[in-house]
Amino acid sequence: MSQHARITASVYTSHVPAIGVAMDQGRTRDPYWQPLFAGYGPSRRWMDAHRPDAIVLVYNDHANAFSLDMIPTFALGTADRYEPADEGWGPRAVPTVHGHGELAAHLAQSVIQQDFDLTLINRMTVDHGLTVPLSLMFGEQPAGATGWPVPVIPLAVNVVQYPVPSGRRCLQLGQAIRRAVESFDTPLRVQVWGTGGMSHQLQGPRAGLINREWDNAWMDRLVADPRGLAEMPHLDYVREAGSEGIELVMWLIARGAMADLDGGRAPRVAHRFYHVPASNTAVGHLILENP
Ligand code: DHB
Ligand code: FE
């Protein structure tokens with residue numbers, strides 16, 4: 001048994017805010033939402049059986065904690081706690097997100113020494129980009145819960161204001177996170193989550209754009225050809241998956257943290273799900289286990 005931390009799995013999911021509203025208002029069995037939540041049933045059972053000791057949750061803030069005043073490309077949360085953000089209609093009634101200070105400090109040290117110039121965050125709130133994936137994977141939390149079941153280290157990526165990082169850089173960051181986790185001398189099981197996407201465009205003449213074929217081909221390649229997929233230019237995302245489809249580059253960070261990008265074996269697909277519609281977006285979801 002290794003005395004070091006290791007990455008056991010990666011989880012990928014869209015983060016549509018209306019999913020959080022549906023859960024918070026008890027509408028998950030409505031005909032509109034039922035098929036979507038059915039797709040996350042296996043995910044919750046899988047999570048019960050594969051609960052990690054910490055999650056590195058790659059997501060984007062939507063001008064809630066950050067603004068155009070300051071635009072960090074990659075920002076790692078090193079705080080002990082993060083409260084849900086008020087996105088305009090009051091904060092979601094979900095638990096405080098607890099960090100993992102020791103692992104976060106180690107990731108900061110190791111990843112920065114691997115030449116990624118991370119921004120470090122000691123105080124922020126977290127918006128739907130982070131809380132909706134937690135809700136999807138862990139389900140409704142009991143009233144009065146003081147925290148989520150697992151500590152979370154937020155990794156916020158700028159995919160809102162151009163220039164945004166390339167897919168290649170995201171994949172490389174995932175590889176650096178893998179090396180960082182594996183050099184932490186406590187035997188923690190760590191998952192890396194990549195969130196956002198799939199195809200959606202929230203504004204302009206193409207608002208409402210959905211591209212099922214492209215989304216599914218993109219997920220195929222994420223599993224089978226991550227290095228090739230990481231070379232895809234931003235323009236392809238925006239043309240094919242809409243302006244907000246660019247959120248998908250964040251999935252490449254989680255994918256880069258898997259064993260096969262480090263000479264190991266290919267991951268096992270534990271679950272895959274795709275559904276339209278959910279608000280204005282296509283919802284994609286994958287769970288990959290390291291062998
Ligand atoms: C919607 C989707 C998003 O990813 C987001 O960040 C905001 C809104 C939507 O479908 O409405
Ligand atoms: Fe978003």
- prompt: Highest GNM mean-square fluctuation, the chain, Cα pairs closer than 10 Å: which of 79, 108, 38?
  reply: 38
statement: Note: probe point = Cα of residue 3 + 7 Å toward Cβ; backbone nitrogen < 20 Å; residues of segment 163-181 passing the test are 179-181
query: What percentage of the solvent-accessible surface of segment 19-77, computed with a 1.4 Å probe over protein heavy atoms, is contributed by carbon and sulfur atoms?
result: 53
task: Could you tell me the largest-minus-smallest coordinate of the C-alpha atoms of segment 59-108 on each of the three principal axes, in descending order and whole angstroms?
output: 36, 27, 15
- prompt: Over the C-alpha atoms of segment 98-248, what are the Rg and the largest Cα-to-Cα span, Dmax, in Å?
  reply: 17.0, 52
message: For Cα pairs less than 8 Å apart in space and 6+ apart in sequence, what is the mean separation divided by the residue count of segment 123-275, i.e. the relative contact order in percent?
response: 31
- prompt: Points 7 angstrom from Cα along the Cβ direction at residue 185 and residue 102: gap in nanometres?
  reply: 1.2
task: Would you work out what percent of the accessible area of segment 212-288, with all protein chains in place, is carbon or sulfur (probe 1.4 Å)?
output: 49
task: Using the heavy atoms of the protein chains and a 1.4 angstrom probe, tell me the accessible area per residue for segment 226-291 in square angstrom.
output: 34
field: Pairwise FRET efficiency - residue 270 versus residue 238, Cβ, R0 = 25 Å, nearest 0.05
entry: 0.25
query: How much accessible area per residue does segment 54-148 have, in Å², with a 1.4 Å probe?
result: 45
message: I need the calculated FRET efficiency for the pair residue 231 and residue 146, taking r as the beta carbon distance and R₀ as 41 Å, to the nearest 0.05.
response: 0.40
statement: The extension gain from residue 120 to residue 202, computed as 0.36 nm times the residue separation minus the Cα-Cα distance, is 26.6 nm
task: Counting residues in segment 68-181 as N, plug N into 2.2 N^0.38 Å and put the Cα Rg over that result.
output: 1.11
- request: With the Cα gyration tensor of the chain in hand, give its eigenvalues times 5 under a square root as the equivalent ellipsoid semi-axes, listed largest first in whole angstrom.
  value: 25, 22, 20
task: Taking the Cα atoms of segment 1-78, report the difference between the largest and smallest coordinate on each principal axis, in whole Å and largest first.
output: 46, 43, 16
field: Solvent-accessible surface (1.4 angstrom probe) belonging to residue 15, in square angstrom, nearest 10
entry: 10
task: Run the accessible area of segment 118-190 with a 1.4 Å probe and give the carbon-and-sulfur part as a rounded percent.
output: 49
message: Running a GNM on the chain with Cα contacts under 10 Å, which residue among 235, 261, 252 ends up with the highest mean-square fluctuation?
response: 235
message: For the chain, what does the helix formula give at 222 nm: sum of -39500 (n - 2.57) over DSSP H segments with n ≥ 4, over the residue count, nearest 500 deg cm²/dmol?
response: -9500 deg cm²/dmol
task: Let me have the relative contact order for the chain, percent, based on Cα pairs under 8 Å that are six or more residues apart.
output: 31
message: Show me the three semi-axes of the equivalent ellipsoid for segment 160-279, from the C-alpha gyration tensor (sqrt of 5 times each eigenvalue), largest first, rounded to whole Å.
response: 27, 15, 13
statement: Counting only protein heavy atoms and rolling a 1.4 Å probe, one gets per residue an accessible area for segment 167-212 in Å² of 40
- request: Express in % the proportion of alpha carbon pairs of segment 18-124 at distances exceeding 20 Å.
  value: 56
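What full-extension length gain, to one decimal in nm, is calculated for residue 71 and residue 30 as 0.36 nm per residue of separation minus the Cα-Cα distance? Walk me through the numbers on the way to the answer.
On the way: separation 41, 0.36 × 41 = 14.76 nm, distance 3.83 nm.
Fully extending the segment from residue 71 to residue 30 adds 10.9 nm.
The values are calculated or read from the model by the stated rules, or taken from the named source; none is laboratory data. The structure displayed is predicted, hence computed values, not measured ones. Don't worry about glycine lacking a Cβ; one is built from the backbone with ideal geometry, like all the others, and counts go over all protein chains shown. For accessibility, only protein heavy atoms count, side chains too; no ligands or nucleic acids. Shrake-Rupley method; radii C 1.70, N 1.55, O 1.52, S 1.80 Å.
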